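Visitor: Below: one structure in structure tokens.
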Amino acid sequence: MAAAALPTAPESTRIGGAPGFGDGRSLIATRSFKPGEVIATFNDPLLALPDGPGMRTTCNFCLAVEVPLKACTGCKATVYCGAQCQRAHWKSIHKTECKMFKRVREQSNKDWLPTPVRALAQVLILLEAGEPNATAAFGDGGSLEGNVDGFRQDSQVWGDFQLQAAAALVYLGMMASEEWQEKARRGALDSDEKFQRACEVLCKIQTNAFNRLDQDTALSGIFLHPGLAMVNHSCMPNAFVGFDKRTAQLRAGEPIDEGDEIRISYIDYTIPRNARREALKLYHFECGCPRCTLDLDVYQACQRSPVIDLNAFSVQPDLQKLRDPRVDRSSISAAEIETVYKQWNSQKVPASDEVEAMRVTREQWKLCKPLVEARMWAVEPLPSTILQLMQSYAVGRNQIAYALPLACFLQTEYEPVRYVAPFMPWRIKGVMLIATMLSETAYLTARGELAKTYPHKGLVNILTKSDQLSMCEAMLRLVVHWARIGQTEQWGPLREAVEMLRDIESLEGRARESSLLRKWAKNPEDFEGRAFFQAVVVEPINALAALALEIVEGELGGDERSLVRR
């Protein structure tokens, strides 16, 4: 992502050369970092904006969500959580942007723009005003690489960029709609300096911006900081990025020594190699990490992780399962897994048609059978298929107990292999989901409604014999512990877990159980606390997880009827 002029490196890092990425294109640690430790904080981005639909539900300056919002009185397109954010946004960009949104309303009768168009418009506004940081990043000889020639070679992508560039220029009043249409008709756009500059800026945004999308916490949009853009990619990263409003934090995912290159993943690095290569085409390079060069599957990559031992304090404390997974690679080759994934991915699950969605998921489950036979529970697309069914169950309260074994299965057989460090946000949210489900099933059990609602005797038997509140409390303590290592105190799941934990601790008659769980959370090696956790939490979690494949097969295998709903 880097070219000539380079941004200032964050404290405790330096910008240096990296083979295969050009001179100066990497971020190097100048001291050691512990797993979960903040490497650098980026709170002055060039771009930080919600996506198009999120413009009406997110403060357009601080990016806060789920707060009272008030619309701009001028354009009525952007919204803010208060006068301070509105003034700051007006001063930084919206004074000009406001006029643009008035043109959008007049010309298209809309009050929002697609995210790339708005992002481009903001950069063009800053460049037109001569803003120093924007010029240093996006101007001639700027710090951000755009891979323009690579994008030009893809006619569909380049055509999309041209349409987005035209929209930004027209709505900003930098080019008349008639002028754009005339030049497009004559094939003269390549000679238009403003238009080409807009396309080049779009290339730089595509190459360097981070997607803030997190449906669980309602985050959306993009974030671009030239310093953060210096971090290179690896499918075996040693760091990760988290977002909180207008701030991004780069954290160590494993121990990093002085002199190590800091690497993150630009894509989902747990999918098969060909799919990863396809996803990286937008960045115009081929990854040369060990996962790619040796074609390691998720189990083999997990075995190389230096943070396996952290899982001693997790939903999956059996470290031997991570160090020596009992998979059968002889029954399916890497090439066959690639084929399964490609066929699976070609079948899109519709969001609005429940019957058709279930039919497609059944077809996808059939494709996954070779992975089931190989016991490759963590190899995609098998876990994604289970996740789809779990999410369909979790929508309604009358199906939540069927979702729980699937969630337990994913957290014991999939997530620790996929993301080895327990403080990774995706793992924390999965544990939080189990806690939420247990609070629901505990309520049904206490009211005597569980057996009436669910005909699955094995599931009902496990839940009625389990101390679901202690299980829930243990999950919450895991969330609190790891979120405080890998996230900020303001992170939504952490705040929710603290509140739920407070409610459980306030219940009468639970002094002994809470005391033992506090001892375990304080010292996982405490004999009494560990024994309680093993018996009251780990064993029922594993028993529930053991029902997952039966439930999935009952729903997705065989005939069209659901076994678990009979």
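The values are calculated or read from the model by the stated rules, or taken from the named source; none is laboratory data. Note that the structure is predicted; figures quoted are calculated from it, not measured. Cβ coordinates were reconstructed from backbone atoms using ideal geometry, including for glycine residues, and neighbour counts include every protein chain displayed.
Visitor: Filter segment 253-281 for residues that are of a type in the set (A, V, I, L, M, F, W, C) and over 20 Å from Val298 (Cα atoms); which is farthest from the chain's Cα centre (by Cα)?
Guide: Per the criteria, the residue is Ile256.
Visitor: Here's a follow-up. Looking only at segment 466-500, count every residue that is over 20 Å from Pro317 (Cβ atoms) and assigned to a helix (DSSP H, G or I) and tell me the total.
Guide: Count: 9.
Visitor: Just checking: which of the helices (runs of 4 or more DSSP H) contained wholly in segment 503-557 hold 1 or more residues that are of a type in the set (Lys, Arg)?
Guide: Ranges flagged: 511-522, 527-533.
Visitor: Scanning segment 231-242 for residues that are within 18 Å of Pro493 (Cβ to Cβ) and touching a residue at least 60 places away in the same chain (Cβ under 8 Å), which turns out surrounded by the most Cβ atoms within 10 Å (Cβ to Cβ)?
Guide: Across segment 231-242, the extreme among qualifying residues is Phe240.
Visitor: Here's another thing I want to ask about it. Inside segment 154-211, counting only helices (runs of 4 or more DSSP H) that do not spill past its ends, which hold 2 or more residues that are among the acidic types (Asp, Glu) and surrounded by fewer than 22 Cβ atoms within 10 Å (Cβ to Cβ)?
Guide: Result: 177-186, 193-208.
Visitor: Let me ask something else. Determine which member of the set Ala451, Ala435 is among the aliphatic types (A, V, I, L, M) and farther than 18 Å from Val315 by Cα.
Guide: After applying the criteria, what remains is Ala451.
Visitor: Go through the residues of segment 255-273 one by one and say whether even a single one is within 30 Å of Thr412 (Cβ to Cβ), out of contact with any Leu (no Cβ under 9 Å at 6 or more places or on another chain), outside the structural domain of Phe138 (by TED's automatic domain parsing) and surrounded by fewer than 19 Cβ atoms within 10 Å (Cβ to Cβ).
Guide: Scanning segment 255-273, I find at least one residue that is within 30 Å of Thr412 (Cβ to Cβ), out of contact with any Leu (no Cβ under 9 Å at 6 or more places or on another chain), outside the structural domain of Phe138 (by TED's automatic domain parsing) and surrounded by fewer than 19 Cβ atoms within 10 Å (Cβ to Cβ), so the answer is yes.
Visitor: Among the residues that make up segment 360-370, is at least one of them modelled with pLDDT of 95 or more, surrounded by fewer than 20 Cβ atoms within 10 Å (Cβ to Cβ) and either of a type in the set (Asp, Glu) or closer than 25 Å to Gly242 by Cα (or both)?
Guide: yes
Visitor: Step by step: first the residues of segment 41-87, then only those that are small (Gly, Ala, Ser) and buried (at least 23 other Cβ atoms within 10 Å of the Cβ), then the one that is farthest from the chain's Cα centre (by Cα). Which residue is that?
Guide: For segment 41-87, the residue satisfying everything is Ala77.
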